[in-house]
Amino acid sequence: MRDTVASTESRSLSKSYGSHFAVVDHYARAAQRRLSNFSVMNVLRTFPQFIPCSEGSYKARAKLTVDAINQTLPLLSDLAAYVGRPPAPVMEIADFPANDEQRQAASALKERLDAQGSDKSSHHSYHHLYGAILADRQAIRSVIEIGIGTHHSDTVSYMVRGEAGGSLRAFRDFLPFAQIYGADIDRRVLFQEERIQTFFVDQTDPATFEQLAGSVAGECDLIIDDGLHSPHANIQTLIFGLKKVRLGGWVVVEDIGHEALPVWQVVNALLPARYQSYIVHEQHALLFAVKRLE
Ligand SMILES: C[S@@+](CC[C@H](N)C(=O)[O-])C[C@H]1O[C@@H](n2cnc3c(N)ncnc32)[C@H](O)[C@@H]1O
């Protein structure tokens, strides 16, 4: 479709410039470049779950479909609140540490994250949350992080700053008795080091989570999603994490766009009372943090 539109544009340019082929070529290439930034799609066929089941013009029904995509999750979030599910509390990340021990742990963790080249505490300020969760350093036995970090730009969610594997090494350095597990879709970044093991996972494929669950023995203190950063991948990871987290342990989803808040209020509404969730506000993103209470 894109090629057809581009060549039509190029043909009409060709008419107006007559034999000036070099000029035509220049404009045709510019048109191609402009069009390569767009997808041409039939909205009604692409989003069947959201189309109105009613007659009408394509234009009117396509607009209603886009409205439905944008409004369904916010309305589900309102519905959950109406039927009495309390929304997850929204907390500023710096308020997460509740005492001096947790605040000191946050600064000590920041030092390790910065030293290992992770952006979790330089660009972001996630050390406040992880410092609070991991303050009892000697007691933590295992952490899983989905998303090791890759610089290969052919992978969606590749790193624009920081060192690949930096966060895994920082958690290893911070937690003296913990085994650290990483998982990633990019097999080129998998590595093994002292107290670090990594595995392949594709967050959009539940079968690969089953393999990962088999590779990591027992329950974990903390499971982090810092991978693809797309809601369906996040929810797949949450399903894995909620099964794998120990009593008193946490599952944290990082780097949620501020506009996606309703998605996470709906997820909160679906969780049973044995999980307490928080929406954590940070300068560049939201995080969804869940603690297993029972
Ligand atoms: C932002 S990087 C992780 C950075 C690292 N956790 C850190 O703090 O330094 C995101 C990673 O997610 C991985 N990723 C992208 N899509 C994925 C998927 N479908 N399943 C698993 N990992 C994925 C990328 O390969 C990349 O390594």
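Taking the stretch 109-132 as the range and being surrounded by 16 or more Cβ atoms within 10 Å (Cβ to Cβ) and of a type in the set (A, V, I, L, M, F, W, C) as the test, the residues that pass are L109, L113, L129, A132.
Name every residue in the stretch 56-90 that is within 18 Å of N268 (Cα to Cα) and not in a helix (DSSP H, G or I), in order of residue number. Hits for the stretch 56-90 are V83, G84, R85, P86, P87, A88, P89, V90.
Taken together, the criteria place F200 among residues that are closer than 26 Å to D173 by Cβ and within 13 Å of the ligand (Cβ to nearest atom). Residues in the stretch 120-150 that are within 16 Å of the ligand (Cβ to nearest atom) and out of contact with any helix residue (DSSP H, G or I) (no Cβ under 8 Å at 6 or more places or on another chain): 4 in all. If I filter the stretch 96-107 for residues that are small (G, A, S), at pLDDT below 90 and farther than 26 Å from Q265 by Cβ, do I get at least one hit? No, every residue in the stretch 96-107 fails to be small (G, A, S), at pLDDT below 90 and farther than 26 Å from Q265 by Cβ. Scanning the stretch 151-181 for residues that are in contact (Cβ under 8 Å) with a residue 40 or more places away in the chain, within 12 Å of the ligand (Cβ to nearest atom) and surrounded by fewer than 18 Cβ atoms within 10 Å (Cβ to Cβ) returns V156, R161, E163.
Quick check: is even one residue across the stretch 225-241 touching a Phe, Trp or Tyr at 6+ places or on another chain (Cβ under 6 Å) and not small (G, A, S)?
yes
Taking every residue in the stretch 184-211 that is surrounded by fewer than 13 Cβ atoms within 10 Å (Cβ to Cβ) and pairing it with any residue that is hydrophobic (A, V, I, L, M, F, W, C) and outside any loop (DSSP other than H, G, I, E, B), at least 6 positions away or on another chain, the pairs with Cβ-Cβ distances below 6 Å are R187/F200. Among the residues of the stretch 182-223, those that are within 22 Å of A108 (Cβ to Cβ) and of a type outside the set (D, E, K, R) comprise G182, I196, C220, L222, I223. Among all residues of the stretch 258-270, there is none that is of a type outside the set (V, I, T) and within 13 Å of the ligand (Cβ to nearest atom).
If you scan the stretch 218-242, which residues turn out to be part of a helix (DSSP H, G or I) and touching an Asp or Glu at 6+ places or on another chain (Cβ under 9 Å)? Those that are part of a helix (DSSP H, G or I) and touching an Asp or Glu at 6+ places or on another chain (Cβ under 9 Å): A233, N234, Q236, T237, L238, F240, G241.
The values are calculated or read from the model by the stated rules, or taken from the named source; none is laboratory data. These numbers come from a predicted model, not from an experiment. In this analysis, Cβ positions are derived from the backbone assuming ideal geometry, glycine residues included, and neighbour counts consider all displayed protein chains.
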